[in-house]
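FYI, it's all coordinate maths here, none of it is from the lab. Values in this document were obtained by computation on a predicted structure and should not be read as measured data. Counting neighbours? That spans all protein chains shown, and the Cβs are built from the backbone with ideal geometry, glycine included.
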């Protein structure tokens, strides 16, 4: 969460979780909780429909947030690959986007390993927690 200004407070975290729950009820997909083999909660990975007011218009993005101790172990890449497989098979989506900041090199590496292609024409800026955030965009389309 460094490029978003740090961790969420409890109210914002609860609101985000409610949005994920509602997305699953409405669309049949959302972010997935990720656990280690010993059941330690690592974070989340998965698909999410955009908010109606998003500057990119309606779309689905893939994203992840992992505890720092889980970084560099392949969890985001492994779960992200499964999420994309689910996006194009069960969910029958035509395209999935990913975005991150220019400074988030770790997420950019995961995005590259997942096979998304950079789409600078879609880069955007939005207010997030009263901070202007600049998103670099990547895209992947359903295989033929």
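Remark: 71, 133 ranked as 71, 133, counting other beta-carbon atoms within 10 Å and listing the fewest first. For the chain, averaging the sequence separation of C-alpha pairs within contact (under 8 Å, six or more residues apart) and dividing by the residue count gives a relative contact order of 20 percent.
Distance between the 7 Å Cα→Cβ label points at residue 104 and residue 119: 1.7 nm. Which one, 18, 33, 81, has the greatest fluctuation when you compute a Gaussian network model over the chain with C-alpha springs under 10 angstrom? In this elastic network of the chain, the residue with the biggest mean-square fluctuation among 18, 33, 81 is 18. Residues 134, 59 in ascending order of nearby Cβ atoms (within 10 Å, fewest first): 134, 59.
With a simple spin-label model that places each label point 7 Å from the Cα along the Cα-to-Cβ direction, the separation between residue 35 and residue 112 comes to 3.4 nm. Ranked by how many other Cβ atoms sit within 10 Å of their own Cβ, fewest first, the residues 19, 65, 10, 31 fall in the order 10, 19, 65, 31.
In this rough spin-label picture, where each label sits 7 Å from Cα along the Cβ direction, the residue 73-residue 126 distance is 3.0 nm.
Taking springs between alpha-carbon atoms closer than 10 angstrom, which of 41, 69, 24 fluctuates most in the Gaussian network model of the chain? Judging by the Gaussian network model, the answer is 69. Dividing the summed -39500 (n - 2.57) terms of all DSSP H runs of n ≥ 4 by the residue count of the chain sets its mean residue ellipticity at 222 nm at -9000 deg cm²/dmol.
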